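This report refers to the structure that appears directly beneath it.
The values are calculated or read from the model by the stated rules, or taken from the named source; none is laboratory data. Every value quoted in this text rests on a predicted model; they were computed, and no experiment measured them. All Cβ positions, glycine included, derive from the backbone under ideal geometry; neighbour counts span all protein chains shown.
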Amino acid sequence: MMKQRDWKIIYSGNYTGITKRTINLLSKEVGRFLIREEMVYSIYILPCEKEGCEVSKSAIFVGLYDESETIRKYVKPEELVEGGFTVKVIRNPEDEEGSFVFLTAKSELELFYSAVSFLDEYIPTNAPASGCNRMVDQTFDIPLPESTYSEKPDHKIRSIFTWGHSINSYRDYIDNMARAKFNELIIWNDYIPINIDEIIEYAHSYGISVVLGYSWGWREIGNKATEISEETIKNLEKLIVDTYRDKYHVVGCDGIYFQTFTERKEERVGGKLISEMVTEMVNNVAAELWKIKPDLRLIFGLHASSVRNRLAEISNVDPRIEILWEDCGSYPFDYAPFVKSEEEYEETLKFVKEMLELRGGKGVGLAFKGVMMLDWSKKVGQHGPYVMGENAPEIADHDRRLRNKAWKKYSADWMCYGDYVHRMMNYINENELSDTTMCIAGTFDGGLYLPFALCGQMFRDNSGDYTSILRKVVRQLRTIID
């Protein structure tokens, strides 16, 4: 069968920013189905033209709702969803053999997600069937099934915490983040990468904010100190402020993430409560940093293990500082993606509720750790500033081969135990007092693996039962399961 040559992408607005990323994504991914035929040398390209051009037999119209007269003609205002996107597929009113696809939203970021949804959800669901097989490669060879659906985010900020030196290609990493609908990247580095400006620029082109992390005592004091003196704290406060002023203030990042000396099991060090010491220090440092940059966003990566029974003291952390909680109990806060006991899981739920209510529910985030994928026994730290995410393809292939078997186990465990994440997300959505930042800690360099794709979907839209969400994610063409 000859591939159709009557499809066209028609866009409104300017070919810039996130809209440019949206058009590029559609051109590349729809082009997979249209611009080549098996064993036929035919250098064909997929037309991408601005609205106002001649409309072809079949077309994908992509644009902000308020900017596209054509989209407003076919998509009714009531078919839009506030804060989200809409995908609508109809037959060409003037040619029943043709199809019109409308991808629209009120914001550029949601417009990008409409394209992602069309590629990763509509196509695999509606591809032609032959017996029990879906013939995805033939999707555009016949008129597309009509459909209208919308999606909006359960949580505005869906972030990933990762270590910069574990990323082999920052472009691939950010591409996959965007494809999984994450919109914030928290990067921990011992030294700022010398190419950080271009990394931030690339992330921003997808609407992804970049938060840089550095130690506020985690490295200097850590979890081994048996006593923390007032002098030690004062010296540490000066070091943190000087580090920001000298190194981070000049970087165009969207905020600062920090960890301090709470990653330990005991509540006291040298007879002093960790919760009291850390609250006072963090507030002191924040006050100094806001003198340098009054609108600086600060995220406190707080290990719950040493303060979970001392939330009264933690409630005194300046309300302008966001708290991103980790080590809060069982999976998905635990490293291993399985649940040891129902009782432990229920205890974790109770603690989550306490965190959601702390400080009136403002500035709370939760970091899941079930996809770490780093072998800490062989970790080699950074020895100085470096070029991040520009490693040779051979290095990326090497690391991918080493991790593949581990990813297969992680994927299997997430399939089996992901329902606990689904339950956790429903619980959070029911008990949060204000919007909660959802974060997953780990690295998925090498591709969009099932655990990240699955967790990203539940962060974004947790509606429906777990089986339906799992099915949706597994059949997406970009998801890696092995």
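Per-structure values
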{"item": "Unmet criterion (only one of (1) out of contact with any Asp or Glu (no Cβ under 7 Å at 6 or more places or on another chain); (2) more than 15 Å from Leu356 (Cα to Cα)) for Glu313", "result": "(1)"}
{"item": "Which listed residue is touching a strand residue (DSSP E or B) at 6+ places or on another chain (Cβ under 7 Å), modelled with pLDDT of 95 or more and within 28 Å of Tyr173 (Cβ to Cβ), from Glu322, Glu390", "result": "Glu322"}
{"item": "First in the stretch 241-268 and closer than 18 Å to Glu184 by Cα, second anywhere and part of a strand (DSSP E or B) and not aliphatic (A, V, I, L, M), Cβ under 6 Å, 6 or more apart", "result": "Asp254/Ser209; Tyr257/Gly213; Tyr257/Gly301; Gln259/Gly301"}
{"item": "Tally of residues being in a helix (DSSP H, G or I) and either among the polar types (S, T, N, Q) or in contact with a helix residue (DSSP H, G or I) (Cβ under 7 Å, 6 or more places away or on another chain) (or both) across the stretch 14-28", "result": "9"}
{"item": "Within the stretch 255-275, tally of residues that are touching a strand residue (DSSP E or B) at 6+ places or on another chain (Cβ under 9 Å) and not in a loop (DSSP other than H, G, I, E, B)", "result": "5"}
{"item": "Within the stretch 404-423, tally of residues that are farther than 17 Å from Asp334 by Cβ, in contact (Cβ under 8 Å) with a residue 60 or more places away in the chain and charged (D, E, K, R)", "result": "1"}
{"item": "Residues of the stretch 418-431 that turn out to be crowded, with 17+ Cβ neighbours inside 10 Å and not β-branched (Val, Ile, Thr), as a count", "result": "5"}
{"item": "Residue among Gly98, Gly63 that is within 16 Å of Gly13 (Cα to Cα) and buried (at least 18 other Cβ atoms within 10 Å of the Cβ)", "result": "Gly63"}
{"item": "Any hit, the stretch 239-262, residues being in the same structural domain as Leu349 (by TED's automatic domain parsing), within 28 Å of Asp435 (Cα to Cα), touching a Phe, Trp or Tyr at 6+ places or on another chain (Cβ under 6 Å) and of a type outside the set (Val, Ile, Thr)", "result": "yes"}
{"item": "Residue count, the stretch 443-478 (criterion: within 14 Å of Tyr410 (Cβ to Cβ), outside any loop (DSSP other than H, G, I, E, B) and not hydrophobic (A, V, I, L, M, F, W, C))", "result": "2"}
{"item": "Selected residue [closer than 17 Å to Thr436 by Cβ and either buried (at least 17 other Cβ atoms within 10 Å of the Cβ) or at pLDDT 95 or above (or both)] from Lys369, Lys291", "result": "Lys369"}
{"item": "Residue selected from the stretch 225-284 under the condition hydroxyl-bearing (Ser, Thr, Tyr) and out of contact with any helix residue (DSSP H, G or I) (no Cβ under 6 Å at 6 or more places or on another chain), by the criterion surrounded by the fewest Cβ atoms within 10 Å (Cβ to Cβ)", "result": "Thr226"}
{"item": "The stretch 355-388, residues that are closer than 22 Å to Phe258 by Cβ and in contact with a Lys or Arg (Cβ under 8 Å, 6 or more places away or on another chain)", "result": "Gly363"}
{"item": "Boolean, Val116 is in contact with a Pro (Cβ under 9 Å, 6 or more places away or on another chain), closer than 22 Å to Gln138 by Cβ and β-branched (Val, Ile, Thr)", "result": "no"}
{"item": "Conditions (1) within 30 Å of the chain's Cα centre (by Cα); (2) assigned to a helix (DSSP H, G or I); number of the one not met by Phe61", "result": "(2)"}
{"item": "All positions within the stretch 276-323 that are farther than 23 Å from Glu347 by Cα and part of a loop (DSSP other than H, G, I, E, B)", "result": "Lys293, Pro294, Asp295, Leu296, Arg297, Asn316, Val317, Asp318, Pro319, Arg320, Ile321"}
{"item": "In the stretch 4-29, the residues that are small (Gly, Ala, Ser) and surrounded by fewer than 20 Cβ atoms within 10 Å (Cβ to Cβ)", "result": "Gly17, Ser27"}
{"item": "Selection status of Gly83, surrounded by fewer than 16 Cβ atoms within 10 Å (Cβ to Cβ), over 31 Å from the mean Cα position of the chain (by Cα) and closer than 20 Å to Leu111 by Cα", "result": "no"}
{"item": "Residue tally, condition crowded, with 21+ Cβ neighbours inside 10 Å and not in a helix (DSSP H, G or I), over the stretch 196-210", "result": "3"}
{"item": "Residue that is touching a strand residue (DSSP E or B) at 6+ places or on another chain (Cβ under 9 Å) and either among the small types (Gly, Ala, Ser) or farther than 23 Å from Gly361 by Cβ (or both), where the choices are Val285, Val278, Val317", "result": "Val285"}
{"item": "Some residue of the stretch 322-339 being surrounded by fewer than 18 Cβ atoms within 10 Å (Cβ to Cβ), touching a residue at least 60 places away in the same chain (Cβ under 8 Å) and closer than 23 Å to Phe258 by Cβ", "result": "no"}
{"item": "Of all residues in the stretch 139-153 being under 19 Å from Ser56 (Cβ atoms) and surrounded by fewer than 16 Cβ atoms within 10 Å (Cβ to Cβ), the one that is nearest to the chain's Cα centre (by Cα)", "result": "Glu146"}
{"item": "Cβ-Cβ under 6 Å pairs, at least 6 apart or on other chains, the stretch 340-359 side assigned to a helix (DSSP H, G or I), far side small (Gly, Ala, Ser) and surrounded by 16 or more Cβ atoms within 10 Å (Cβ to Cβ)", "result": "Glu344/Ser330; Tyr345/Ser330; Thr348/Gly329; Thr348/Ser330; Phe351/Gly329"}
